[in-house]
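Below is one structure, written out as structure tokens, with a few remarks after it.
The values are calculated or read from the model by the stated rules, or taken from the named source; none is laboratory data. None of the values given here were measured: they were computed from a predicted structure. Every residue, glycine as well, gets a Cβ built from its backbone with ideal geometry; the counts of neighbours run over all protein chains shown. Note: accessible area is taken over every heavy atom of the protein model, side chains too, but ligands, DNA and RNA are not part of it. Shrake-Rupley method; radii C 1.70, N 1.55, O 1.52, S 1.80 Å.
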Amino acid sequence: MNTPKRTLFGSLAAAAVLATAFGSQAIAAPSQDDGAASSKVGMLGAMQRDLGLTKTQATDRLASEAKAAKADKTLEKALGADYAGSWYDAKAGTLVVAVTDASQAGTVKAQGAQVRTVERSAAELDGYMKDLDAKQASAPSTVAGWYVDPAANKVVIPAGDTAAAASFAKKAGVPTSAIEVERSAEQPKPLYQGGDAYYISNARCSIGFAVNGGFVTAGHCGSQGAATQSPSGTFAGSSFPGNDYAWVRSSATITGTVNNYSGGSVAVRGSQDAAVGSSICRSGSTTGWHCGTIQARNSTVNYSQGSVYGLIRTSVCAEPGDSGGSAITGNQAQGVTSGGSGNCSSGGTTYFQPVNEILSAYGLTLKTS
């Protein structure tokens, strides 16, 4: 398997070099404004198309997922050390919560959720994630990253060379019984643009979500102090790799909505984390609205520029030109597009930087509508 091509996009000069190195599909030329979306449908339309739902099913699912997200937040606090993660069961239309102590079943059911008794707690699995993160520098180049699968109660490692991945995990001190190595051709790379475009020199990126004083976006779009145009502003903070977030200070009027590329917008009401298994929709200037499901939270992804930690892994497709854009479940902001692999013709995997982490890092307040 070839070494994954994971590309950072910045200035026009950098874009030209990368286009030569990785081919035309690695980036969208900054001089070409391809902001017209390929599929002009709203959120419910995108969910129907991408998730195979009827309009009624899509509407009901959004309501059910919102209820599940609130229950999950309550149960994580109530269960404490016995909490082992959760996921949304789309077929049953309910939240499933894993616990390490069967006696906690009543607490879970009281919140209208199903219960699953497992061996490892969420804290234990997060500890194994940290073990792998600490050894990231020695990870094989064919390892795309790693993430916790709460339903399997294991840490999953997608890799082209499964034997090398298993050896890496063993050297990191993670028990074989706690990992699942998955053969994968994933080649994650950062993308840029998405949602409404903005510009840094001759390169183009995208507004993620409006905050008081400006907007948040992907960190690989620009370094601190870089100037933006349309809207005009300045990168007041930026972090990449390690994280992939930034915020741009701007006096422009930016509303608490997301462009749905169907002639309208979606109101942002908050930033409640959606459960694993929930639907998620992404706005991007190259491919418009596309939806999928949340596969994992707290994922590590290995880009050629370095690893990024704590990302949301999803089945949403994306293409070069979609990065920095908004990801939302219902009316709750989830994150900004970091990168991924695949495309919107054959499908792919896309990672998002959680928006709540960005708000916390810079002390920002999400602008809602």
Expressed as a percent, the accessible surface of the chain that is carbon or sulfur, using a 1.4 Å probe and the full set of protein chains, is 48 percent
Ranked from highest to lowest mean number of other Cβ atoms within 10 Å per residue, what is the order of the peptides 69-75, 107-113, 43-49?
43-49, 69-75, 107-113
Taking the chain as a Gaussian network, Cα atoms linked when under 10 Å apart, which of 295, 353, 114 shows the biggest mean-square fluctuation?
114
Helix-derived mean residue ellipticity, 222 nm - over the chain, DSSP H n ≥ 4, -39500 (n - 2.57), to 500
-6500 deg cm²/dmol
Counting residues in the chain as N, plug N into 2.2 N^0.38 Å and put the Cα Rg over that result.
0.95
Expressed in nanometres to one decimal, the distance between label points 7 Å along Cα→Cβ at residue 49 and residue 368 is 2.9 nm
May I ask you to derive the relative contact order of the chain, considering only C-alpha pairs under 8 Å and at least 6 residues apart, and to give it as an integer percent?
19 percent
With 0.36 nm assigned to each residue of separation and the Cα-Cα distance removed, residue 357 to residue 232 gains 42.6 nm
Mean separation of Cα contacts under 8 Å, 6 or more apart, over the residue count of the stretch 122-242: relative contact order %:
16 percent
Would you look at the GNM of the chain, springs on alpha carbons closer than 10 Å, and say which of 321, 256, 208 moves the most?
256
Could you check the spin-label model distance between residue 74 and residue 109? Points 7 Å from the Cα along Cα→Cβ, value in nm.
1.7 nm
Over the stretch 71-181, what is the relative contact order in percent, taking alpha-carbon pairs closer than 8 angstrom and at least six residues apart?
20 percent
Rank 257, 349, 100 by mean-square fluctuation in a GNM of the chain with C-alpha springs under 10 angstrom and give only the top-ranked residue.
100
Order 282, 297, most accessible first, counting only protein heavy atoms with a 1.4 angstrom probe.
297, 282
Nearest-0.05 FRET efficiency for residue 152 and residue 267 at R0 = 35 Å, using Cβ-Cβ distance, is 0.50
In terms of the ratio Rg/(2.2 N^0.38 Å) built on C-alpha atoms, what value belongs to the stretch 277-344?
1.03
What spacing in nm lies between the two simple spin-label points modelled at residue 137 and residue 343, each 7 Å away from Cα in the Cβ direction?
3.7 nm
So with the 1.4 Å probe, I'd like the accessible area per residue for the stretch 202-356, rounded to whole Å².
26 Å²
